1. Among Val441, Val430, which is aliphatic (A, V, I, L, M), in contact with a helix residue (DSSP H, G or I) (Cβ under 8 Å, 6 or more places away or on another chain) and modelled with pLDDT of 90 or more?
2. Report those strands (runs of 3 or more DSSP E) wholly inside the range 93-175 carrying at least 2 residues which are surrounded by fewer than 17 Cβ atoms within 10 Å (Cβ to Cβ).
3. Regarding Glu155, is this residue without any contact (Cβ under 8 Å) to a residue 24 or more places away in the chain, over 20 Å from the mean Cα position of the chain (by Cα) and not assigned by TED's automatic domain parsing to the domain that holds Gln64?
4. Pairs please, first residue from the range 198-213 and touching a residue at least 24 places away in the same chain (Cβ under 8 Å) and over 16 Å from Ile265 (Cα atoms), second anywhere and of a type in the set (Gly, Ala, Ser) and within 14 Å of the ligand (Cβ to nearest atom), Cβ atoms under 8 Å, 6+ apart in sequence or on different chains.
5. Out of all the residues in the range 86-107, is one or more outside the structural domain of Val206 (by TED's automatic domain parsing), modelled with pLDDT under 95 and over 30 Å from Asn267 (Cα atoms)?
6. Could you check the range 50-74 and list, in sequence order, the residues that are among the hydroxyl-bearing types (Ser, Thr, Tyr) and surrounded by fewer than 24 Cβ atoms within 10 Å (Cβ to Cβ)?
7. Kindly indicate whether any position in the range 199-206 is at pLDDT 90 or above and more than 25 Å from Leu42 (Cβ to Cβ).
8. Does Glu54 count as in a loop (DSSP other than H, G, I, E, B), under 23 Å from Gly505 (Cβ atoms), more than 9 Å from the ligand (Cβ to nearest atom) and not hydrophobic (A, V, I, L, M, F, W, C)?
Amino acid sequence: MADAAPEPLYPLLRGSDVAAQAALSSDLSVDHLVIGAGAVGLAIARELTRRWPERTTYLVERHQQPGQETSSRNSEVIHAGLYYPKDSLKTRMCIRGRDLMYEYCSSYNVPHKQIGKLVVGPSNARSYFESMLRHVSSLEPSKHRPELTLISGDEARELEPELSKGIGAAVFSPRTGIVSSHEYMESLEKEVMDSEIAEIVYDTSVLKVEPILVASASSNSSSKRGASSEDQGWIVHMRTGESNDVDTLRSKVVINSAGLTAPAILNGLLRDGHFGSAPKDWAREGSGESVDDSSRKIAPLAAYYSKGNYASYKGQGARHVKHLIYPTPFGMDQGGDPHKHQGLGTHLTIDLNGGIKFGPDTEWLHPPRDASPDFWSSSLAPLTRVPHSHQDADQESRLDLIHQAVQQYLPDVLREGLSPDYAGIRPKLVPPGAAFRDFGVLLHHSNNLERQRIWQEALTLGAAQDGAEHGSVNAGGTMITLAGIESPGLTSSLAIAELVGDLVGRRAWAHDDHHSKAAAKARARTGKGSADDATSSANVDAWA
Ligand SMILES: Cc1cc2nc3c(=O)[nH]c(=O)nc-3n(C[C@H](O)[C@H](O)[C@H](O)COP(=O)(O)OP(=O)(O)OC[C@H]3O[C@@H](n4cnc5c(N)ncnc54)[C@H](O)[C@@H]3O)c2cc1C
């Protein structure tokens, strides 16, 4: 099997050049525009709607239903938060998200089950498990730490009698569970749809986002101080269905939660020169890693795509399994860096109907630079030869490999019981073998973009660095890009939404909210209602 390392891709959105010819201003405006109705985008739209019920929120999705890409093509595991570095966002978001997810599922009757998970390995994996235990016991605050118990091979076989005799040690995580990702997303979708101030628009692709430049905003504004805060923000270009027409919309806040295409949306701003200058030859530019400060500013976001195939299983050797079973991540039993694994290994998942699946495996893809939704659909066929795969394995040999991996811990599983199921694609920011990479939460303001960097992390960015006072109108609009939201993104979705809500509150609305609180106090004193509320709703209806 040929298996070459994938080249970095600096993606751009197909159609963004067409959008350039469209009108640069729009009379239609919303407060928040969320791109992508995956689990993360839906959770964010819900959060924004709940926090600011008086502000308009638009969620735009290119497919006709929510969660057609990664969010419905994963293991549906509620992770406990065992694997990632202590101070990473992945750990923080996973642990907080896990608790929020269990609460949410119980409150909204989303099918889920806390069934627990075993990570199993040969006797020499014991030191890896011990380091996992030390890691978990160092997490703060202690009351949210994942529970984890180190057990012997025999104790593991008491829990799961079909496990191999070669399993010499294991850890048991009782807090891990499973969830119906479809019903979770349906529930979030319903909450957003039921809100009077939010809309979800399907079958509509965002082609391009660009800043409203202060000069043009000023010309629309009667304010002597220049552009008013309502005039500032972003112009978003969109196309619905097969139409050739490009619609535009203004939004003060843009949340780029477009999953696999999130880097392409940000790279569009770079290509159009908004960051000052664009690199001449994108293919040669660095990915933001190991480059000097000046090139880091204009290096496009690199993306790597790792497909994970699943096989469903019927037959002997796994009939009585009650827990999720994971192998020791590849190389970890030989003392590898515990946070550097590419995936959690070909594991056993149980769905809520008791069906068993093994997967996901790892197949690196190299899609075209202007990857269209059609590309993703063709690549998502499970276990088939895909046009842009780096690996030349056919369906049968992929199933053979899955079988070999599973036999390490469930030796009686039969090859003929495996059949191809679905596949998902991990939105990676680094190639195989690279150091651990955290979730990327990038923050940009529409004013003075040329002084900002592409890779600008929201949580480490002081107000001075982006030229913006917290919540000041000088910052213009706020854009938050969620990049590299791979596993445990489903588990983390409600926590990511909470984080984004906090950032939007601090960066976009602190100034206005301060004034609206003062105005509300004044209204309470005079007993008069707000005219602004009516204006916001009218904008949404006009565009819908
Ligand atoms: C094989 C695999 C297994 C996994 N297992 C787990 C697990 O067990 N537990 C866990 O917690 N996590 C898991 N994950 C990770 C989890 O699935 C993702 O982190 C999560 O689904 C990401 O959600 P999202 O909303 O960011 O992205 P997506 O689900 O990809 O949503 C993005 C949305 O944006 C839309 N979009 C893209 N571009 C545009 C555009 N230009 N205009 C309009 N819409 C656009 C897309 O159509 C899509 O619907 C797994 C991932 C994979 C690949």
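The values are calculated or read from the model by the stated rules, or taken from the named source; none is laboratory data. From a predicted model like this one, the values you see are computed outputs, not experimental measurements. When we count neighbours, we look across all protein chains shown, and the Cβ atoms used for this are built from the backbone with ideal geometry, even at glycine. We work out accessible area using only protein heavy atoms, side chains counted, and drop any ligands, DNA or RNA first. Shrake-Rupley method; radii C 1.70, N 1.55, O 1.52, S 1.80 Å.
1. The conditions single out Val441.
2. Values: elements: 117-121, 149-152, 169-173.
Once the strands (runs of 3 or more DSSP E) in the range 93-175 are filtered for at least 2 residues that are surrounded by fewer than 17 Cβ atoms within 10 Å (Cβ to Cβ), what remains is 149-152.
3. Details: without any contact (Cβ under 8 Å) to a residue 24 or more places away in the chain: yes; over 20 Å from the mean Cα position of the chain (by Cα): yes; not assigned by TED's automatic domain parsing to the domain that holds Gln64: yes.
Yes.
4. Ala198/Ala45; Ile200/Ala37; Ile200/Ala45; Tyr202/Ala37; Asp203/Gly241
5. Among the residues of the range 86-107, at least one is outside the structural domain of Val206 (by TED's automatic domain parsing), modelled with pLDDT under 95 and over 30 Å from Asn267 (Cα atoms), which makes the answer yes.
6. Passing the criteria: only Ser72.
7. no
8. Working: in a loop (DSSP other than H, G, I, E, B): yes; under 23 Å from Gly505 (Cβ atoms): yes; more than 9 Å from the ligand (Cβ to nearest atom): yes; not hydrophobic (A, V, I, L, M, F, W, C): yes.
Considered against the rule, which asks whether it is in a loop (DSSP other than H, G, I, E, B), under 23 Å from Gly505 (Cβ atoms), more than 9 Å from the ligand (Cβ to nearest atom) and not hydrophobic (A, V, I, L, M, F, W, C), Glu54 comes out as yes.
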